[in-house]
1. Counting only protein heavy atoms and a 1.4 Å probe, tell me what percentage of the chain's accessible area is made up of carbon and sulfur.
2. Skipping prolines and chain starts, which residues have an amide H placed within reach, meaning under 5 Å, of the one on residue 73, given they are 5 or more residues away or on another chain?
3. Cα centroid distance between segment 348-424 and segment 8-24, in Å?
4. Would you work out which of 279, 231, 353 lies farthest towards the positive end of the dipole of the chain, given +1 charges on the beta-carbon of Lys and Arg and -1 on that of Asp and Glu, about the Cα centre?
5. Under the definition of Cα pairs under 8 Å and six or more residues apart, what whole-number percent is the relative contact order of the chain?
6. Pop out the ³J(HN,Hα) list for segment 121-137 in order, Karplus 6.51 cos²θ - 1.76 cosθ + 1.60 with θ = phi - 60°, rounded to Hz; leave Gly and Pro as x.
7. Based solely on C-alpha atoms, express the radius of gyration and the Dmax of segment 212-358 in angstrom.
8. Taking 8 Å as the Cα distance limit and 6 or more residues as the minimum spacing, I'd like the relative contact order of segment 259-371 as a percentage.
Amino acid sequence: MKIQAINGFKDILPDSVGRWQLIEQRARDIFERFGLQEIRMPILEKTELFVRSIGEATDVVEKEMYTFADKGITMRPEATASIMRAFIEHGLHVQQPVQRLYTIGPMFRHERPQMGRLRQFHQLDAEIIGAVEPRIDAELIAMGQMLMDELDLTVSLELNSLGCPECRPPFKTALVAFLEQSIEGLCEDCKRRTHTNPLRVLDCKKPHCRALVQDAPSMLDALCPECDHHFREVQTALQALQIPFQINRFMVRGLDYYTRTTFEFLTTDLGAQAAVGAGGRYDGLIQSLGGPALSGIGFAMGLERIALLMEQQADSQPAGTVMDIFLAALGSDTLGPCSLLAHLLRKAGIKAAIDYSGRSLKAQLKQAGRVRARFTLIVGDEEWARQEGILRNMHTQEQQPFALSGSLEQQCLQLLQCLKTTTK
Ligand code: ATP
Ligand code: MG
């Protein structure tokens, strides 16, 4: 019996890992241009952390968490809560009042697996903590957009405001009153949500719920003067940075901690999985976790969805590793020196491959092709006796004698020289 991976947990095979590395490198590069520093947290946290931050009545906490109930711990479903826990625990704000942090890693949610939706998935997560200015919101959103742009991905940006603890409760009351009037027309989930998490009804994907909420009151009309001002300033700042966006008053987020600005990077290319990334402000979160009264804003992008989108939109499949040189040692005398030569080349930073099987030249050249070697150095016993090898350019298939005189260290230097000059 073969043992297979768990449903919703996926291997990332060498063929596609190049794309993942490219996304991660580009993300790190851009995040660092914006002054973010990397932080890495454990996968497991106390369950309480997520219940208190994400919220008890959210889908994530209600039904998606991988929890070890007897131990009171949970595999993180997202990164923001963990970052805030670490931020508070280590008093990071004491060193630097505004912290810009990012992390990249796996998250776990028990959802129905499908294209772009897994149970172990990966996020690029960026946070700016300790700054309230609307320009910060715009800067963070612009950073997300820059990543999309530099990966050649077309996404649309939607923006909303969810208000604050001043203006949201009265809005919620008005919304519940509205939903109760037409509760019979809502789906079963939304009937329940009307009382547990009414904002969620606004972004239900079912057509009849959608139609019904068209006439629902809008949070944007209910914003208090401060939230209204903030939202306007964010829009002005985004326009100043030349970042196009649309306002979507039905956008709510699945996590309770959001306040004011929320946003999503959306695509129509991934079926039901519309969001490539999403985020927002969380001005009360740090305090509610026992930390200082600092605000923050962040986003998380799904690596699987970015990778899928690249396949569909850009398909610039980055080639996997290309070896600089393949050493084809053909005789029993040459294997020893060639293995040391390969070792010395690797020490000198060269990607060197070697075959110890003593197979035929044809078989070894085939292998050199498979590992995409730029050159193959062919060394048979006879050539070795003449202190010579044959250097084959794998692209042009040209071959020329290559002197293997002096010590192995000297031969290594000669090869290095040769590889260097041919790259130019
Ligand atoms: P969705 O509405 O698609 O469930 P979400 O609102 O639950 O997304 P967030 O918690 O905001 O997602 O996470 C941010 C990003 O992480 C999403 O935009 C998406 O790209 C990615 N993501 C979330 N859940 C999954 C998952 N189960 N599989 C793959 N990627 C995911
Ligand atoms: Mg979700």
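The values are calculated or read from the model by the stated rules, or taken from the named source; none is laboratory data. All of these numbers come straight from a predicted model, not from anything done at the bench. Here the Cβ is made from the backbone with ideal geometry for all residues, glycine too, and neighbour counts use every protein chain on show. Just so you know, the surface numbers come from the protein's heavy atoms only, side chains and all, with ligands and any DNA or RNA stripped out. Shrake-Rupley method; radii C 1.70, N 1.55, O 1.52, S 1.80 Å.
1. Reported share for carbon and sulfur atoms: 52 percent.
2. 47, 68
3. The two parts, judged by their Cα centres, are 31 Å apart.
4. In the chain, that residue is 353.
5. Result for the chain is 16 percent.
6. Per-residue couplings from phi come out as 10, 10, 10, 9, 10, 10, 9, 10, 10, x, 10, 9, 5, x, 5, 5, 4 Hz.
7. Gyration radius and largest Cα-Cα distance of segment 212-358: 27.2, 84 Å.
8. Taking the mean separation of contacting Cα pairs over the length of segment 259-371, I get 18 percent.
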